[in-house]
Amino acid sequence: MSETVERHEFGAEVGRLLDLVVHALYSDREIFLRELVANSADAMDRRRFEALTQEAYALPADAKVRIAPDKAARTLTLSDAGIGMTKAELAQNLGTIARSGTRAFSQSLGDAKPEDKPSLIGQFGVGFYSAFMVADRVTVTSRRAGSDEAWTWASEGQGSYTLEPATRSEPGTDIVLHLKEDADEYLESYRLDHVVRKWADHITVPIAIVGEEGKEENANQGTALWRKSKSEVTEEQYTEFYRHVGMNFDKPYATLHWRAEGALEFTALLFVPGMKPFQAVEGERGSKVRLHVRRMFITDEAELLPTWLRFVQGVVDTEDLPLNVSREMLQATPVLTKIRRAVTGRVLSELTNRAKDAEGYTPFWENFGSVLKEGIYEDHERRAEIAPLLRFHSSAIDGWTSLPGYMSRMKDGQEAIYYLVADDADALKKSPQLEGFRARGVEVLLLSDHVDAFWPEALGRFDDKPLRSVTQGSVDLSKFAAEGESGEAPVASDALVAALKAALSADVSDVRTTDRLVDSAVVLSASGSGPDLQMQRLLRRAGRGGGSLPVLEINLRHPLIRALSTRADSQGDIADEAGTLLDLARVQDGDTPRDPVAFAQKVAAALAAGA
Ligand code: ADP
């Protein structure tokens with residue numbers, strides 16, 4: 001056999017090019033697969049084209065690009081049923097390169113930003129060499145359609161290649177990559193699948209990953225489904241595509257598929273997932289909706305939707321950008337700004353529509369409501385559209401309510417939409433802050449999402465009613481009659497209030513009587529119009545100061561307050577009790593006493609005295 005092996009030197013240009021490709025693009029090396037798959041798909045398209053006039057060239061029915069990892073041999077083989085290459089074509093296409101091409105390529109590489117480098121190799125027609133980023137030896141066995149001969153081209157990418165006769169039963173090409181030590185990841189089917197999905201989804205030729213037992217898994221959709229008209233696509237196809245773009249395994253909650261024509265031309269196929277994806281949407285910023293230009297995948301980082309709609313997945317494909325669009329252009333072009341606006345409006349109107357079915361909307365809300373709420377403070381323009389989509393727990397009902405729902409239950413004369421924010425939903429329901437509201441039948445929205453401390457202030461009001469935190473400023477509930485309130489007149493309190501103020505002057509800004517409590521003796525509120533208690537808590541945790549001092553509100557009907565009042569009248573000094581009272585109020589809100597040990601000792605002493 002060996003006497004039939006011909007050794008050829010690469011031109012000096014190829015050697016330099018190999019070096020450039022392998023080193024300059026190392027961090028993006030997964031794109032070797034995009035390049036090789038694209039070559040195979042092109043070869044199959046060419047064969048299909050030639051078959052129009054040469055029947056013998058017709059592609060077999062199951063023609064595919066097959067990608068087969070072999071862990072034992074540490075090889076990755078790509079096989080296609082394409083047009084193939086003759087011996088001369090192998091030498092020409094894989095062994096030489098136009099001098100001018102290399103120079104232009106190396107020049108551009110030098111000038112390019114790192115993130116733009118991967119697109120260069122495709123543009124300069126040097127994609128095949130990217131195989132040497134992951135392989136230290138590459139063999140290409142090919143048989144040209146219309147020929148009986150097959151040849152194997154082989155190289156270690158080091159200055160020379162060999163050509164020798166081979167056998168191949170059908171026309172087409174096999175490329176065998178002997179993987180480098182550090183390229184093991186390309187022996188894993190899931191990794192290959194991921195790369196193909198990411199880069200080759202627009203390719204219309206089917207691409208299969210061949211598993212351990214020879215089982216073939218299709219990795220690309222094969223057709224740009226979004227380009228079809230709605231009537232041509234079945235629900236199953238939508239679902240399959242949805243699973244494939246987002247790595248989901250459920251069904252979409254909403255499927256939006258439309259074509260914009262006129263001033264702006266694009267096709268969009270978007271999905272609102274039916275479940276929360278495993279990669280939590282909370283931390284990850286930025287929409288991953290994919291941008292295609294005339295079917296070609298460009299990027300999934302074009303931020304086609306605002307961050308508060310980042311749970312939406314899918315594809316936008318436009319005619320209005322050039323194929324070789326650069327990153328700078330993506331950032332600057334008004335085309336994308338217009339597409340963004342159109343797509344955002346469409347998603348919001350779909351959600352508005354779907355929200356009419358309260359039961360169907362609940363799972364969506366539970367999955368993505370906390371993300372949607374961010375839109376209230378991030379997007380002034382859309383605020384009014386988002387607000388009616390919000391859902392809440394409340395002190396008055398089980399399940400979820402909307403702002404219009406709340407408003408329909410407001411008491412006559414009620415001037416504000418009341419809400420209470422805390423970290424934990426269970427604590428909210430029991431909060432003493434709610435006692436007076438409950439007793440008077442005034443509903444309070446209960447908010448416990450991490451974003452809830454921020455958006456109500458940004459929204460300000462809904463319709464004509466302001467949103468008000470029940471922990472902020474003094475709330476006058478006197479105009480609403482409380483159920484079962486005893487007729488007993490509250491005890492006089494002047495001496496008590498004065499004594500408490502004196503004792504707590506370092507810790508509270510004011511002490512006042514309140515009608516918002518029923519069972520509890522005391523409660524804290526934020527003074528005036530500054531941040532409410534939860535916001536102050538967050539600011540403190542973030543090391544940004546604690547805001548202003550809180551107000552201590554006391555319940556004159558409570559036995560403890562009455563007892564203290566008597567004591568204040570008779571002895572004047574109640575400094576010790578005042579401190580404990582403040583700590584009680586803090587503990588009720590889930591905060592720690594100022595001095596937990598002293599507080600515990602006092603409680604223990606009180607229990608002992610009572611025992
Ligand atoms: P480009 O594809 O941009 O021209 P490449 O370096 O990737 O540059 O490939 C060089 C040439 O080799 C291709 O233009 C094509 O003619 C040929 N080629 C590569 N892979 C295949 C294949 N799988 N089947 C047939 N021809 C191929």
In this structure, among LYS87/LYS198; LYS356/LYS411; LYS276/LYS430; LYS411/LYS501; LYS215/LYS288; LYS373/LYS465, pairs with alpha-carbon gaps over 27 Å are LYS87/LYS198; LYS276/LYS430; LYS411/LYS501; LYS215/LYS288
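Expected output is a single nm value to one decimal: the length gained when fully extending between ASP426 and ALA498, i.e. 0.36 nm times separation in residues minus the C-alpha distance. What is it?
Working: separation 72, 0.36 × 72 = 25.92 nm, distance 3.51 nm.
Using 0.36 nm per residue and subtracting the Cα-Cα distance, I get 22.4 nm.
Beyond 35 Å, what share of the Cα-Cα pairs of the chain remains, rounded to the nearest whole percent?
Details: 105798 of 186355 pairs.
I get 57 percent for the Cα pairs in the chain exceeding 35 Å.
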In Å, the Kirkwood hydrodynamic radius from C-alpha pairs for the range 489-611 sits at 15.2
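Based on Cβ point charges of +1 for Lys and Arg and -1 for Asp and Glu, what charge dipole magnitude is obtained for the range 6-218 about its Cα centre, in debye rounded to the nearest 20?
On the way: 25 positive and 36 negative charges, 88 e Å.
Charge dipole, the range 6-218, about its Cα centre: 420 debye, nearest 20.
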Filtered hits (lysines, Cα-Cα < 19 Å from LYS180, offset >= 8 within chain) -> LYS71
Taking only the alpha carbons of the range 225-354, the radius of gyration and the largest Cα-Cα distance, Dmax, both in angstrom, are 14.0, 38
The extension gain from GLU236 to ASP576, computed as 0.36 nm times the residue separation minus the Cα-Cα distance, is 115.3 nm
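By the gyration tensor of its Cα atoms, with a ≥ b ≥ c the square roots of the eigenvalues, what is the shape of the range 145-206: rounded for a/c under 1.5, prolate for a/b over b/c, or oblate? Show your work: numbers first, answer last.
On the way: a/c = 2.68, a/b = 1.32, b/c = 2.03.
It is oblate, given that a/c is not under 1.5 and a/b is not larger than b/c.
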Per 5 angstrom bin, beginning at 0 and ending with the bin that holds the maximum distance, the Cα pairs of the range 127-232 fall in percents of 2, 10, 14, 17, 19, 18, 11, 4, 3, 1, 0, 0
For THR141, the accessible surface traced by a 1.4 Å probe with all protein chains present amounts, in square angstrom to the nearest 10, to 20
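Could you give the size of the charge dipole of the range 363-467 about its Cα centre, using +1 on the Cβ of each K and R and -1 on the Cβ of each D and E, expressed in debye and rounded to the nearest 20? Intermediate results must be reported in sequence, preceding the final value.
Details: 12 positive and 19 negative charges, 82 e Å.
In total the dipole reaches around 400 debye.
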A student applying the Cα gyration tensor rule (rounded when a/c is under 1.5; otherwise prolate if a/b is larger than b/c, oblate if not) would label the range 390-484 rounded
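Write down the percent of antiparallel bridges among all DSSP beta bridges whose residues are both part of the range 404-486, to the nearest 5.
On the way: 2 of 9 bridges.
Once the DSSP bridges in the range 404-486 are tallied, antiparallel ones form about 20 percent.
Considering only the chain, what is the antiparallel percent among its DSSP beta bridges, to the nearest 5? Can you show the working numbers first?
On the way: 63 of 82 bridges.
Around 75 percent antiparallel, to the nearest 5.
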Taking Cα atoms only, helix 494-503 is inclined relative to the longest principal axis of the chain by an angle, in degrees rounded to 10, of 50
Cα extents of the range 358-415 per principal axis, largest first, Å, are 33, 26, 16
Expressed per residue, the solvent accessible area of the chain in Å² (1.4 Å probe) is about 47
The helix 12-24 Cα axis meets the longest alpha-carbon principal axis of the chain at an angle in degrees, between 0 and 90 and rounded to 10, of 20
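With the cut-off at 19 Å, report for the range 283-412 the share of all Cα pairs above it, as a whole percent.
Numbers: 4591 of 8385 pairs.
Value for the range 283-412: 55 percent of Cα pairs lie more than 19 Å apart.
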Rounded to the nearest 10 degrees, the helix 189-199 long axis (Cα) sits at an angle to the longest Cα principal axis of the chain of 90
Counting only protein heavy atoms and leaving out ligands, DNA and RNA, the solvent-accessible surface of LYS230 at a 1.4 Å probe, in Å² to the nearest 10, equals 120
In units of 2.2 N^0.38 Å, the Cα radius of gyration of the range 6-218 is 0.98
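The values are calculated or read from the model by the stated rules, or taken from the named source; none is laboratory data. Here the structure is a predicted model, which is why all the values come from computation and not from measurement. Backbone-built Cβ (ideal geometry, glycine too); neighbour counts: all protein chains shown. For accessibility, only protein heavy atoms count, side chains too; no ligands or nucleic acids. Shrake-Rupley method; radii C 1.70, N 1.55, O 1.52, S 1.80 Å.
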